[in-house]
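Q: This is the structure I have questions about; it appears just below.
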Amino acid sequence: MSQAIVKTARKRPLLAAFCSILAVVLGYLLLWPVPFDPVVGPVRAANPAGTGVFVKNNRLAEARLLKTGEGPEGIALDRQGRIYTGLTNGDILRGDGDGNFEVIANTGGRPLGLEFDAAGNLVIADAFKGLLSMTPEGAINVLATHFDGARMIFVDDLAIADDGKIYFSDASRRYEYGHDIAEVFELRPTGRLIVFDPQTGDMELLLDNLYFANGVAVSRAGDFVVVNETHNHRIMRYWLAGPKRGTADVFSDNLPAFLDNITRAPDGGYWVAGVAPRTDDLDALVARPFLRKVLWRLMSLGLVDPVQLHSYAIKLNARGVPIVSLEDDSHHIFMMTSVIEQNGQLYLGSLINDAIGVIDAQ
């Protein structure tokens, strides 16, 4: 037997092993089940990041940090200027501007959006427990857990109107908090905007089929309420009064980030938190459900991570036009979920950071 034939014979097992491994890898990437059912998402305009108002800066990196514990997503300040937030473990904290915090309650869930009502109660959007109210003494009362006979699985943010009605978002009807990354890959709009009347206990659906309903704010005049669509990079408006009452339109569109909370600024404008940036690669996947499955499988193997730690604080005027953008991609302020302007300062919440950022309002 010639030496060449012997070498070829020795290579055959190696080649067969390589082909087998390749078949397994390709089979996993192309065929392995994923926990979502993706569809083609909405058409998007070109990402405005780096242009106009959104010329890149790192101004949020100047913020000082008040240590809290993990996940101070929502922030509210009481009439005494004390800072309240909720953490991943369910704790509700109260503290001061020097970072001295104490635990005053625990919801038993995951508190997200927070806002005080006229009586001084802290109303809480808890992802697991629903819509809650906490007295000044720390006693927690349940306001709403179900809508139309079904449990709400992702109560996210809220805003309280002058008449006491509570407008809140139910982010998804398919994926609970902690599993909501699947919603980004699926791109089926199942979020809702709901109003709760604490006087009667009545609830009403205002908007349905939102792309992950998130931050909520009521206009200064009380004539409309806005709600962020995180995965559609836009803000919807629902009219509460005037000739357009009961109708909805787009308040602000084509923003450069995945939007989280929105709060009204003292001048009647709005601050919007961008938890992570849009990228051209992610935008390109909106029309490609199959490739989103492949990306998920690569993520599951730890080979890729499409989430960038780049936060935005976007200021809109009262008409929804972006006029200021503050950013940070230095990992100082990251996964930012809320921007609250009060007493000349911005308070910055985060989904996973262990601190609230504070910076002068500019």
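The values are calculated or read from the model by the stated rules, or taken from the named source; none is laboratory data. Since the structure is predicted, the reported quantities are computational estimates derived from the model, not experimental observations. Here the Cβ positions follow ideal geometry from the backbone for every residue, glycine too, while neighbour counts run over all protein chains shown.
For (1) closer than 18 Å to Leu122 by Cβ; (2) hydroxyl-bearing (Ser, Thr, Tyr), each residue gets a yes or a no:
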residue: Phe147; (1), (2): no, no
residue: Val155; (1), (2): yes, no
residue: Ala161; (1), (2): yes, no
residue: Ser172; (1), (2): no, yes
residue: Gly178; (1), (2): no, no
residue: Pro189; (1), (2): no, no
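Q: Based on this model, can you work out whether Asn57 counts as buried (at least 17 other Cβ atoms within 10 Å of the Cβ), touching a residue at least 60 places away in the same chain (Cβ under 8 Å) and part of a loop (DSSP other than H, G, I, E, B)? It would help to see each step written out before you state the result.
A: Numbers: buried (at least 17 other Cβ atoms within 10 Å of the Cβ): no; touching a residue at least 60 places away in the same chain (Cβ under 8 Å): yes; part of a loop (DSSP other than H, G, I, E, B): yes.
No: the conditions fail for Asn57.
Q: Looking only at the range 165-196, which residues are part of a loop (DSSP other than H, G, I, E, B), among the acidic types (Asp, Glu) and either in contact (Cβ under 8 Å) with a residue 40 or more places away in the chain or crowded, with 21+ Cβ neighbours inside 10 Å (or both)?
A: Narrowing the range 165-196 to residues part of a loop (DSSP other than H, G, I, E, B): 165, 171-180, 187-190.
Of the ones still in play, those that are also among the acidic types (Asp, Glu) are 176, 180.
Scanning the range 165-196 gives a single hit, Glu176.
Q: Being over 21 Å from the mean Cα position of the chain (by Cα), charged (D, E, K, R) and closer than 14 Å to Ala248 by Cβ, is that true of even one residue in the range 215-226?
A: Yes; the residues of the range 215-226 include at least one that is over 21 Å from the mean Cα position of the chain (by Cα), charged (D, E, K, R) and closer than 14 Å to Ala248 by Cβ.
Q: Would you confirm whether any residue within the range 278-295 is touching a His at 6+ places or on another chain (Cβ under 7 Å), without any contact (Cβ under 8 Å) to a residue 60 or more places away in the chain and assigned by TED's automatic domain parsing to the domain that holds Asp170? Reasoning before the result, please.
A: At the first step, the residues of the range 278-295 found to be touching a His at 6+ places or on another chain (Cβ under 7 Å) are 278.
If we keep only those that are without any contact (Cβ under 8 Å) to a residue 60 or more places away in the chain as well, we get none.
No, the range 278-295 contains no residue that is touching a His at 6+ places or on another chain (Cβ under 7 Å), without any contact (Cβ under 8 Å) to a residue 60 or more places away in the chain and assigned by TED's automatic domain parsing to the domain that holds Asp170.
Q: Can you confirm whether the range 242-258 contains a residue that is over 21 Å from Ile340 (Cβ atoms) and either touching a Leu at 6+ places or on another chain (Cβ under 7 Å) or among the hydrophobic types (A, V, I, L, M, F, W, C) (or both)?
A: Checking the range 242-258: at least one residue is over 21 Å from Ile340 (Cβ atoms) and either touching a Leu at 6+ places or on another chain (Cβ under 7 Å) or among the hydrophobic types (A, V, I, L, M, F, W, C) (or both).
Q: Quick one: would you say Asp354 is over 21 Å from Pro277 (Cβ atoms) and more than 18 Å from the chain's Cα centre (by Cα)? It would help to see each step written out before you state the result.
A: Values: over 21 Å from Pro277 (Cβ atoms): yes; more than 18 Å from the chain's Cα centre (by Cα): no.
No, not satisfied.
Q: Okay, moving on. Within the range 316-334, can you find the residues that are buried (at least 20 other Cβ atoms within 10 Å of the Cβ) and out of contact with any helix residue (DSSP H, G or I) (no Cβ under 9 Å at 6 or more places or on another chain)?
A: Scanning the range 316-334 gives Leu316, Phe334.
Q: On to the next question. Can you list residue pairs whose Cβ atoms sit under 8 Å apart, with the first residue in the range 317-345 being outside the structural domain of Gly97 (by TED's automatic domain parsing) and without any contact (Cβ under 8 Å) to a residue 40 or more places away in the chain and the second being surrounded by 17 or more Cβ atoms within 10 Å (Cβ to Cβ) and in a strand (DSSP E or B)? Count only pairs 6 or more apart in sequence or on different chains.
A: Note: no pairs meet the criteria.
Q: Then there's this: Any idea which of Ala241, Ala171 is under 30 Å from Val307 (Cβ atoms) and in contact with a strand residue (DSSP E or B) (Cβ under 8 Å, 6 or more places away or on another chain)? Spell out how you get there, then give the answer.
A: Numbers: Ala241 fails: under 30 Å from Val307 (Cβ atoms).
Going through Ala241, Ala171 in turn, the sole match is Ala171.
Q: Mind counting the residues in the range 240-266 that are hydroxyl-bearing (Ser, Thr, Tyr) and more than 24 Å from Asn209 (Cβ to Cβ)? If you could, list the steps in order and put the result at the bottom.
A: First pass over the range 240-266, keeping only residues hydroxyl-bearing (Ser, Thr, Tyr): 247, 252, 263.
Applying the additional criterion that residues be more than 24 Å from Asn209 (Cβ to Cβ) yields 263.
Looking only at that region, the number is 1.
Q: May I pose another question? So, in the range 211-237, how many residues would count as being hydroxyl-bearing (Ser, Thr, Tyr) and buried (at least 21 other Cβ atoms within 10 Å of the Cβ)?
A: Our first condition is that a residue be hydroxyl-bearing (Ser, Thr, Tyr); within the range 211-237, this holds for 211, 219, 230.
Subsequent filtering for residues that are buried (at least 21 other Cβ atoms within 10 Å of the Cβ) retains 211, 230.
So the count comes out to 2.
Q: So which of Asp260, Asp253, Asp354, Asp360 ends up being in contact (Cβ under 8 Å) with a residue 24 or more places away in the chain, over 30 Å from Val39 (Cα atoms) and of a type in the set (D, E, K, R)? Give the steps one after another, and end with the answer.
A: Values: Asp260 fails: over 30 Å from Val39 (Cα atoms); Asp253 fails: over 30 Å from Val39 (Cα atoms); Asp360 fails: in contact (Cβ under 8 Å) with a residue 24 or more places away in the chain.
Of Asp260, Asp253, Asp354, Asp360, the one residue that is in contact (Cβ under 8 Å) with a residue 24 or more places away in the chain, over 30 Å from Val39 (Cα atoms) and of a type in the set (D, E, K, R) is Asp354.
Q: If you don't mind, another one. Would you list the strands (runs of 3 or more DSSP E) that sit entirely within the range 266-362 and hold 1 or more residues that are more than 21 Å from Arg234 (Cα to Cα)?
A: Working: elements: 270-277, 311-316, 322-328, 336-342, 345-350, 355-360.
Result: 336-342, 345-350, 355-360.
A quick yes/no check of all residues on (1) part of a loop (DSSP other than H, G, I, E, B); (2) closer than 24 Å to Gly74 by Cβ:
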{"site": "Pro198", "(1), (2)": "yes, yes"}
{"site": "Leu207", "(1), (2)": "no, yes"}
{"site": "Gly215", "(1), (2)": "no, yes"}
{"site": "Gly222", "(1), (2)": "yes, yes"}
{"site": "Val225", "(1), (2)": "no, yes"}
{"site": "Asn228", "(1), (2)": "no, yes"}
{"site": "Ile235", "(1), (2)": "no, yes"}
{"site": "Arg245", "(1), (2)": "yes, no"}
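Q: If you don't mind, there's one more thing I want to ask. Would you be able to tell me the number of residues in the range 96-139 that are assigned to a strand (DSSP E or B) and surrounded by fewer than 20 Cβ atoms within 10 Å (Cβ to Cβ)? It would help to see each step written out before you state the result.
A: Taking the range 96-139 first, the residues assigned to a strand (DSSP E or B) are 101-106, 111-116, 122-126, 130-134.
Those still in the list that are surrounded by fewer than 20 Cβ atoms within 10 Å (Cβ to Cβ) too: 102-104, 106, 116, 133.
Looking only at that region, the number is 6.
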